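One structure is given here, and the rest of the page talks about it.
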Amino acid sequence: MRLYLSILKSKIFRFFGRSLRVKDSWEGMPSQFHDMASFLNWFDAAKSVDESLRNAEIDWDGRFKQVEQFKFVPKKNALEIGFGGGRLLSQSAKDFGHVYGVDIHHNFEMSKLFLNSQGIKNFTLLHRDQIDSVPDGSIDFVYSFIVFQHFDSMDEVDFYLDQIDRILSTDGVAHIYFGKNQSDGIKVTSEKDFILRDCSLFINPVAMRDRVSTRFNVIAYSDVLPKKLNGDFGESVQAMILFKKQVNH
Ligand SMILES: C[S@@+](CC[C@H](N)C(=O)[O-])C[C@H]1O[C@@H](n2cnc3c(N)ncnc32)[C@H](O)[C@@H]1O
């Protein structure tokens, strides 16, 4: 209920020409939720903790684990960019020795409670500005799902590409989903037009592939993906790219 009121408020704000900063909303909103179902719902629109867990398993298995390359990735450390409530960390933690989650929101306590409630102990949560504490070359798998589409600028994409370049291990792989722009180039939603929780950064998949391939080896990319993996029809607003460090880089 609180979430729908907040979305309505953001639409009213917009109607009266008031702006809402994309980053502020992702940072601040999670602290408004005090029960686990509403907290998780903010990040993945699931109606219950069980639904969030079910969707997490479907997304982890179907979007990340099923990719051929995943089998060959060393399984020591993984890092999720934008872990939200922690639903995907609760999955990746079963496949990797240790998992790191990086995010900008201010309610890591609830994410910790959620992970503890699932019996997950092998995790570390870091604020985006603490990502420097992750040692160079230590991460075998960097992944991100429904996050890059919520950035407020391409600078944030470049920030994470720099970090991925630094932290990825020699045999490591990065698997990143991002919001796609059907037209050429990059589109950023202005503060004036932003509605709470909507996408704000749209990147043409070829432009993203070209940007990534200046410094990484692109293994695969796809610009047509299913919206849901449970049989519902529809195309995802996301595209994905899979890449590794360049040899001798
Ligand atoms: C729609 S939620 C998805 C959460 C999670 N990936 C999942 O699949 O449940 C988007 C997440 O991206 C995070 N986020 C937004 N901007 C970010 C940034 N610049 N760096 C890291 N995380 C960010 C938000 O705080 C939020 O947790």
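Computed from the coordinates by the stated procedures, all read-outs in this text should not be read as laboratory data. All figures in this text were calculated on a predicted structure; none of them were measured in a lab. Cβ sites come from the backbone with ideal geometry, for glycine too, and all protein chains shown count toward neighbours.
A cut-off of 5 Å between modelled amide H atoms, ignoring neighbours fewer than 5 places along the same chain, links L126 with G101, V102, D103. Local charge for I167 was computed over the other residues whose Cβ lies under 11 Å away, with Lys and Arg +1 and Asp and Glu -1, and equals -3. Taking a straight Cα-Cα cut-off under 15 Å and skipping sequence neighbours fewer than 8 places away in the same chain, the aspartates and glutamates within cross-link reach of K47 are D35.
For the pair D193 and A220 in one chain, pulling the backbone fully straight at 0.36 nm per residue adds 6.4 nm over the alpha carbon distance.
Rounding to the nearest 20 debye, state how big the charge dipole of segment 2-245 is about its Cα centre with +1 on each Lys and Arg Cβ and -1 on each Asp and Glu Cβ. List each step's numbers first, then the result.
Details: 31 positive and 33 negative charges, 73 e Å.
Magnitude of the dipole: close to 360 debye.
With the highest mean first, a sort of the peptides 69-76, 55-62 on other beta-carbon atoms found within 10 angstrom per residue produces 55-62, 69-76. Since only I186, H150, F72 are under comparison, the one whose Cα sits farthest along the positive direction of the charge dipole of the chain, derived from C-beta charges on Lys, Arg, Asp and Glu, is H150. With θ set to phi - 60°, apply the Karplus curve 6.51 cos²θ - 1.76 cosθ + 1.60 along segment 108-114 and write out the HN-Hα couplings as whole Hz, x wherever there is a Gly or Pro. Once rounded to whole Hz, the list reads 5, 4, 5, 5, 5, 4, 4. Return the subset of K71/K228; K121/K227; K23/K187 for which the Cα-Cα distance in this structure is over 20 Å, preserving the input order. From the list (K71/K228; K121/K227; K23/K187), the Cα-Cα distance tops 20 Å for K71/K228; K121/K227. The Cα center of segment 170-228 and the Cα center of segment 67-126 differ in position by 22 Å.
Excluding same-chain neighbours fewer than eight residues apart, the aspartates and glutamates reachable from K75 by a Cα-Cα span under 13 Å are D95, D140, D171.
Please give the FRET efficiency for K228 paired with Q66, using the beta carbon to beta carbon distance and R0 = 25 Å, rounded to the nearest 0.05. Don't skip to the answer; put the middle values down first.
Numbers: r = 15 Å, r/R0 = 0.60.
Once the sixth-power term is evaluated, E becomes 0.95.
Stretching the chain fully between Q130 and K94 yields a gain of 10.6 nm (0.36 nm per residue, less the alpha carbon separation).
Taking the Cα centre of segment 127-184 as origin, work out the dipole magnitude from +1 charges on Lys and Arg Cβ and -1 charges on Asp and Glu Cβ, in debye rounded to 20. Working shown, then result.
On the way: 3 positive and 12 negative charges, 51 e Å.
For segment 127-184, the charge dipole is close to 240 debye.
Only beta bridges with both residues in the chain are counted; by DSSP, about 45 percent of them are antiparallel. In terms of its alpha-carbon gyration tensor, the chain comes out oblate; a/c meets the 1.5 threshold, while b/c is at least as large as a/b. As a proxy for reagent exposure, ranking V134, V224 by other Cβ atoms within 10 Å from fewest up yields V224, V134.
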